[in-house]
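This is the structure I want to talk about, given as structure tokens.
The values are calculated or read from the model by the stated rules, or taken from the named source; none is laboratory data. Treat the numbers as computed from the prediction; the structure is a model and nothing was measured. Cβ coordinates were reconstructed from backbone atoms using ideal geometry, including for glycine residues, and neighbour counts include every protein chain displayed.
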Amino acid sequence: MTIEKIIMPKLGESVTEGTLSKWLISVGDRVKKYDPLAEIITDKVNAEVPSSFTGIIKELMAGEGDTLPVGAAICVIETELEPVMEEDISSEGQKRVEQKVSFYHEGRKEPALKLRYSPAVLKLSQEYGIDLKRVKGTGAEGRITRKDLLQLVSSNQQIEQNEKPKPSASRSSAGVVSEARKADTPEPKNSKGAAVFGDTEIPVTGLRKTIAANMVKSKHEIPHAWMMVEADVTNLVEYRNEIKSEFYHKEGFNLTFFAFIVKAVAQALKEFPQMNAMWAGDKIIRKKEINLSIAVATEDALFVPVIKHADEKTVKGIAREISVLAEKVRTGNTKVEDFQGGTFTVNNTGSIGSVQSMGIINYPQAAILQVESIIKRPVVMNQNMIAVRDMMNLCLSLDHRILDGFICGKFMNRVKEILENTTKDNTPIY
């Protein structure tokens with residue numbers, strides 16, 4: 001037997017540190033090679049660290065929430081077999097890490113395996129009389145962790161303190177009272193932010209902590225300003241509706257309005273490079289590449305994969321990228337590189353029915369554009385005539401350290417102009 005250390009892996013070219021979000025094991029647990037040990041969060045990536053050895057966990061060298069540099073030791077393991085060669089770790093072990101990588105994607109599980117319980121979990125379950133088959137685990141692949149049981153025991157004790165014992169109260173093997181509260185049972189007072197009986201407490205996951213940290217950082221550091229223009233996209237609607245069926249049958253994916261909008265934004269960014277910039281403390285960096293982050297929503301969170309070199313792509317090419325990236329996000333098959341290099345964000349809030357919104361800037365970018373729903377409205381046309389037109393709001397949040405209203409107004413009006421003049425004659429798809 002030998003004593004080995006598990007180190008913080010490198011999860012991307014520019015990644016220098018990571019935050020240990022959650023331990024999936026405890027001291028004394030026996031693990032096999034490639035078993036997940038901990039969840040690690042970097043700036044925008046969530047991954048699991050696999051074990052490089054089979055053995056017994058002897059020491060946890062970092063706590064949940066600690067931020068450690070790449071290469072730092074996170075735990076100590078007493079191996080049962082010969083150490084795995086370094087080249088095996090880098091090839092097979094890193095492959096496991098890459099397969100786990102997801103952008104803000106905690107909760108996507110691989111196919112469930114046969115449940116296994118660590119010695120620490122078995123010991124706790126026996127001590128408190130907990131039926132493990134009735135416990136929902138939060139660890140990798142639904143594994144029950146020691147922390148799951150401690151939280152269950154703690155919540156049960158709180159319920160018991162707030163309830164008067166009843167002779168007829170039935171209890172599950174986990175000790176949780178299943179009888180409904182009696183009308184005369186006093187409800188605990190709800191202090192500020194505290195849960196009372198009947199509320200559901202949802203633990204803040206590493207994913208949600210990362211989202212929260214990024215949003216707070218953006219709002220705290222960036223002086224947000226906001227503006228909106230409305231665009232008459234009647235020509236675009238007619239053009240797209242005319243060719244969408246033929247396009248789908250030919251290409252196998254949808255031609256959405258969003259593809260035209262992303263193309264228009266990319267074109268306008270090329271004409272107004274001030275918008276394609278980032279704040280770097282003592283300087284402003286104008287990015288040469290136009291890489292558009294697009295928002296893709298799931299039930300759990302909002303993801304922003306990147307369309308690289310969007311200004312060089314056709315409408316068809318952008319439509320394909322949108323389709324592929326959205327499918328990868330929703331199936332949990334994203335890679336680290338899918339989210340790297342974004343220089344400006346376009347959020348299709350119109351897909352959920354929004355007509356006006358103010359986005360939080362995707363730090364450290366200079367702006368985010370919210371694309372709202374297309375709504376038919378009566379509009380005053382030339383010679384005071386009223387017509388029903390397809391109207392859409394474009395809402396821009398901007399970093400006022402980098403950008404001023406003048407240049408943003410010119411940029412927004414250029415996007416508006418491109419969209420309003422999108423027709424079969426002047427906007428090729430291929």
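Can you go through THR343, THR314, THR349 and tell me which one is within 29 Å of ILE285 (Cβ to Cβ), touching a Phe, Trp or Tyr at 6+ places or on another chain (Cβ under 7 Å) and in the same structural domain as GLU299 (by TED's automatic domain parsing)?
On inspection, the qualifying residue turns out to be THR314.
What single numbered condition from (1) surrounded by 18 or more Cβ atoms within 10 Å (Cβ to Cβ); (2) part of a strand (DSSP E or B) fails to hold for MET227?
(1)
Take the conditions touching a Leu at 6+ places or on another chain (Cβ under 6 Å), in a strand (DSSP E or B), over 22 Å from ASP338 (Cβ atoms) and modelled with pLDDT of 85 or more and apply them to ALA62. Does it pass?
Answer is no for this residue.
Give the residue, chosen from VAL355, VAL379, that is in the same structural domain as MET228 (by TED's automatic domain parsing), at pLDDT below 95, assigned to a strand (DSSP E or B) and out of contact with any Phe, Trp or Tyr (no Cβ under 8 Å at 6 or more places or on another chain).
Selected residue: VAL379, the only one of VAL355, VAL379 that is in the same structural domain as MET228 (by TED's automatic domain parsing), at pLDDT below 95, assigned to a strand (DSSP E or B) and out of contact with any Phe, Trp or Tyr (no Cβ under 8 Å at 6 or more places or on another chain).
Hey, among LYS308, LYS328, which residue is at pLDDT 95 or above, surrounded by fewer than 20 Cβ atoms within 10 Å (Cβ to Cβ), under 21 Å from the mean Cα position of the chain (by Cα) and of a type in the set (D, E, K, R)?
LYS308
What residue, among those in the stretch 257-279 that are under 20 Å from ASN362 (Cα atoms) and among the charged types (D, E, K, R), is surrounded by the fewest Cβ atoms within 10 Å (Cβ to Cβ)?
LYS270
Give me the residue from the stretch 28-49 that is touching a Leu at 6+ places or on another chain (Cβ under 6 Å) and in a loop (DSSP other than H, G, I, E, B) and, out of that set, modelled with the lowest pLDDT.
My answer is VAL45.
Taking the condition farther than 21 Å from MET215 by Cβ and of a type outside the set (Lys, Arg), does GLU299 pass?
no
What is the number of the single condition among (1) surrounded by 18 or more Cβ atoms within 10 Å (Cβ to Cβ); (2) over 22 Å from ILE368 (Cα atoms) that ASN254 does not meet?
So ASN254 meets the others, but not (1).
Take THR334 and tell me if it is of a type in the set (Val, Ile, Thr), farther than 24 Å from PHE253 by Cα and in contact with a helix residue (DSSP H, G or I) (Cβ under 9 Å, 6 or more places away or on another chain).
In short, no.
When the residues of the stretch 395-429 are narrowed to those that are in a helix (DSSP H, G or I) and among the small types (Gly, Ala, Ser), which ends up nearest to GLU221 (Cα to Cα)?
Across the stretch 395-429, the extreme among qualifying residues is GLY405.
Here's a follow-up. I'm checking my understanding of the structure. Among residues of the stretch 127-145 that are at pLDDT below 75 and either among the charged types (D, E, K, R) or not assigned by TED's automatic domain parsing to the domain that holds ALA195 (or both), which one is surrounded by the fewest Cβ atoms within 10 Å (Cβ to Cβ)?
Out of the qualifying residues, it is GLU127.
Mind checking which residues of the stretch 351-363 are crowded, with 17+ Cβ neighbours inside 10 Å, touching a residue at least 40 places away in the same chain (Cβ under 8 Å) and touching a strand residue (DSSP E or B) at 6+ places or on another chain (Cβ under 6 Å)?
Answer for the stretch 351-363, where residues must be crowded, with 17+ Cβ neighbours inside 10 Å, touching a residue at least 40 places away in the same chain (Cβ under 8 Å) and touching a strand residue (DSSP E or B) at 6+ places or on another chain (Cβ under 6 Å): ILE361, ASN362.
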